[in-house]
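Comments concern the structure below.
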Amino acid sequence: MSVTSVTGGAGGKRKQPSLAQLRAFAAVAEHLHFRDAAAAIGMSQPALSGAVSALEETLGVTLLERTTRKVLLSPAGERLAVRAKAVLDEVVALLEEAEAVRAPFTGVLRLGVIPTVAPYLLPTVLRLVHERYPDLDLQVHEEQTANLVEGLGSGRLDLLLLAVPLGVPGVVELPLFDEDFVLVTPMDHGLGGREGIPREALKELNLLLLDEGHCLRDQALDICREAGREDAPVTTTAAGLSTLVQLVAGGLGCTLLPRTALKLETARSSQLLTGYFASPAPTRRVGLAMRAGAARSAEYEELAEALRGVLGSLPVRVVSDGD
């Protein structure tokens, strides 16, 4: 590699050492012998000596004290040998990282997940990644939808797992599945345990909702409006589905749960019943979302297809990318 130059602080140019020069100096600093150092890095001894001399000229300092019998590092050489090794180590790390980028499903993948999906789908997602993509460093971030979309747009997150559609420009959605909502009631409620419940029944219910900011709250309100309910039932809210279900068990009202959450959340109390809506039941769609033109878009599409293949064990209806 030839010597290049960089602009100095005063507007002029000063020489910049090449990697070959740094590699030659680091080898001499390690072996304190020109022949051994040259053999270690596969360079001829004259070329090695010339590279170290050129580095001394470039830096403007004497790095080595040469005698007829041995080679010693000068005080400046002692200090700069540490720097040279650090630079060479970083170059190796750079090359390794580039190799990882070229290899699919390696390196870091920052996945954002909404709270009403994370506890119920992550076991399946993590098991798939562990078994099929063992070299992928999956990092999970649980946040509400607005924060996830912001993180995707800013580059803080790479991929999202959440309810779709989002309708956000510059975001590509990869649908995974549809799932029905069910009605969770206290034990003594008239709709508890029933099937074929008409949506219009929601007009008369004391419905408990999640706090503002949760997309599941907005979905529940949309379902109520579709059923003909104009008012927003917001007398009691909760920060998470677990609390919401415990409020139902305590007799404060009813709530809507996605089917994937039903088993885990209703197992927490024996004071609950589940009602099922008449077909077509209210549903939500869950999918992945990525930035349009993402460098790893082919990987994300492959991951989505792999997830569709394993989600059949859940109470959902898997959809294709074109649906």
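When we screen V125, V101, V164, V182 for residues that are more than 30 Å from I197 (Cβ to Cβ), touching a residue at least 24 places away in the same chain (Cβ under 8 Å) and not polar (S, T, N, Q), the only hit is V125.
For T237, the conditions (1) at pLDDT 90 or above; (2) in contact with an Asp or Glu (Cβ under 8 Å, 6 or more places away or on another chain); (3) polar (S, T, N, Q) are fulfilled apart from (1). Total residues in segment 246-275 satisfying the condition of being surrounded by fewer than 20 Cβ atoms within 10 Å (Cβ to Cβ) and either among the charged types (D, E, K, R) or modelled with pLDDT of 95 or more (or both): the figure is 2.
Being within 15 Å of K85 (Cα to Cα), in contact (Cβ under 8 Å) with a residue 24 or more places away in the chain and not acidic (D, E) is true of A24.
The residues of segment 189-226 that are free of Cβ contacts under 8 Å to residues at least 60 places away in the same chain, in a loop (DSSP other than H, G, I, E, B) and surrounded by fewer than 16 Cβ atoms within 10 Å (Cβ to Cβ), listed by number, are G190, N206, D211, E212. Going through segment 163-178 one residue at a time, which ones are closer than 20 Å to T283 by Cβ, at pLDDT 95 or above and open to solvent by 50 Å² or more (accessible area, probe 1.4 Å)? Matches in segment 163-178: E173 only. E305 meets each of the listed conditions (1) buried (at least 16 other Cβ atoms within 10 Å of the Cβ); (2) at pLDDT 95 or above apart from (1). For segment 135-162, filtered to residues that are part of a strand (DSSP E or B), open to solvent by less than 30 Å² (accessible area, probe 1.4 Å) and modelled with pLDDT of 95 or more, the residue that is farthest from L111 (Cα to Cα) is L162.
The values are calculated or read from the model by the stated rules, or taken from the named source; none is laboratory data. Everything quoted here is computed from the prediction, not taken from an experiment. No Cβ is skipped: glycine too gets one built from the backbone with ideal geometry, and neighbour counts run over all protein chains shown. Calculation scope for accessible area: heavy atoms of the full protein, side chains included, ligands and nucleic acids excluded. Shrake-Rupley method; radii C 1.70, N 1.55, O 1.52, S 1.80 Å.
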